[in-house]
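Here the structure comes first, spelled out in structure tokens, and everything after it is commentary.
The values are calculated or read from the model by the stated rules, or taken from the named source; none is laboratory data. Predicted model, so just to flag it, every value in this text is computed and none were measured. Positions of Cβ are generated from backbone atoms using ideal geometry, with glycine treated the same way; all protein chains shown enter the neighbour counts. Quick note on the areas: whole protein, heavy atoms, side chains included, nothing else; ligands and nucleic acids left out. Shrake-Rupley method; radii C 1.70, N 1.55, O 1.52, S 1.80 Å.
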Amino acid sequence: MIRLDDLELVPLSDGFFRLDGGAMFGVVPKPLWERRLPADARNRVTLGLRPLLVRGARTLLIDAGIGDKMPDKLVDIYGIDRRRHLDHALEDAGIAPEDIEVALASHLHFDHAGGFTARDRDGGLRPRFPRATCLAHRGEWDEAIQPNERTRASYLTENLLPLRDAGVLQLVDDDEEIMPGVRVRRTGGHTKHHQIVMIGSGGRTAVFAADLIPTTAHVDEPWIMSYDLYPLETLAFKRAFVREAIDREYLVFFEHDPRVACGYIRERDGKKFVEEVR
Ligand SMILES: [Zn+2]
């Protein structure tokens, strides 16, 4: 647990999954990226799934991992390893699913929004956190429920429609305050309405960077995922954001890093690196 003014931050985990290493690093050649994240025999790199809990005026969960609804074929393709998943992490932190009042999505890809829903014993789908209002960006929602050929593999309607049908969905616009000390900030890039979460006020600031900087290996500007729909937007936002994060000493949470939950981005002799915080 990390304390930030009057907010408590609890890094969580929904396990691990694997994505194609080439796709994770875009234009960066394999001899460079495999030194940072080694590939398996199927050219996949292991990634974390790290939702973040924030306790303040309300109890807020940011993203929820993949969840337990993926069919066996996709569990194999994505190498999903949920032997230790979000329920375990919440239990370890002493938090019950009923304690979560707000569930906020950085964006609605399956590896971020899958865990907002769960399957009933009778096979139906229901919100996983019974008391939570689920927040998503309005534009992101519209794109997610009408995916195209390029976005269809990432936006799974089974992760989305049950939230709307249960009446727990609430849509937000650009850069809204979620609760005192917590606001979203639209980055674009990864998806048109992808948002990061700025946490804290006055003194220290933490940032849930979501897929803007998915791992500590993505801090350098051109290390941008091929999954990004608008990579030049990612580049522009990231260039400014990384500068800001270094200068203002933001504590940055890396949602997909396999090892490091959070740290400070530092720069020495023109080289950027992450100083891990445990
Ligand atoms: Zn992701």
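Here are some notes:
- Residue count, segment 175-215 (criterion: within 16 Å of the ligand (Cβ to nearest atom) and charged (D, E, K, R)): 2
- Residue list for segment 52-68, restricted to those being farther than 14 Å from Ile196 by Cβ and either within 13 Å of the ligand (Cβ to nearest atom) or open to solvent by less than 10 Å² (accessible area, probe 1.4 Å) (or both): Leu53, Leu60, Leu61, Ala64, Gly65, Ile66, Gly67
- Screening the candidates Val277, Val168 for the property of being of a type in the set (Val, Ile, Thr), in contact with a Pro (Cβ under 8 Å, 6 or more places away or on another chain) and open to solvent by 20 Å² or more (accessible area, probe 1.4 Å) yields one hit, Val168.
- Candidate set: segment 220-245, residues that are part of a loop (DSSP other than H, G, I, E, B) and more than 16 Å from the ligand (Cβ to nearest atom); chosen: the one farthest from Leu53 (Cα to Cα): Pro222
- Members of segment 246-259 found to be within 22 Å of Ala105 (Cα to Cα), away from the ligand (no atom under 16 Å from the Cβ) and aliphatic (A, V, I, L, M), listed by number: Leu251
- For segment 132-156, taking the residues that are farther than 21 Å from Val184 by Cβ and in contact (Cβ under 8 Å) with a residue 24 or more places away in the chain, the one that is nearest to the chain's Cα centre (by Cα) is identified as Leu156.
- Among the residues of segment 134-151, those identified as open to solvent by less than 40 Å² (accessible area, probe 1.4 Å) and away from the ligand (no atom under 16 Å from the Cβ) are Cys134, Leu135, Gly139, Trp141.
- Looking only at segment 110-131, and only at residues there that are open to solvent by 10 Å² or more (accessible area, probe 1.4 Å) and in contact (Cβ under 8 Å) with a residue 60 or more places away in the chain, the one that is nearest to the ligand (Cβ to nearest atom): Asp111
- Taking first residues from segment 247-275 that are part of a loop (DSSP other than H, G, I, E, B) and hydroxyl-bearing (Ser, Thr, Tyr) and partners that are more than 16 Å from the ligand (Cβ to nearest atom) and open to solvent by 20 Å² or more (accessible area, probe 1.4 Å), the Cβ contacts under 8 Å between residues at least 6 apart in sequence or on separate chains come to Tyr250/Thr205; Tyr250/Glu244; Tyr250/Tyr264.
- Top-ranked residue in segment 77-109 [being open to solvent by less than 10 Å² (accessible area, probe 1.4 Å) and within 22 Å of Asp20 (Cβ to Cβ); ranked as farthest from the ligand (Cβ to nearest atom)]: Leu108
- Single unsatisfied condition, Arg42 versus (1) within 16 Å of the ligand (Cβ to nearest atom); (2) without any contact (Cβ under 8 Å) to a residue 60 or more places away in the chain; (3) open to solvent by 70 Å² or more (accessible area, probe 1.4 Å): (1)
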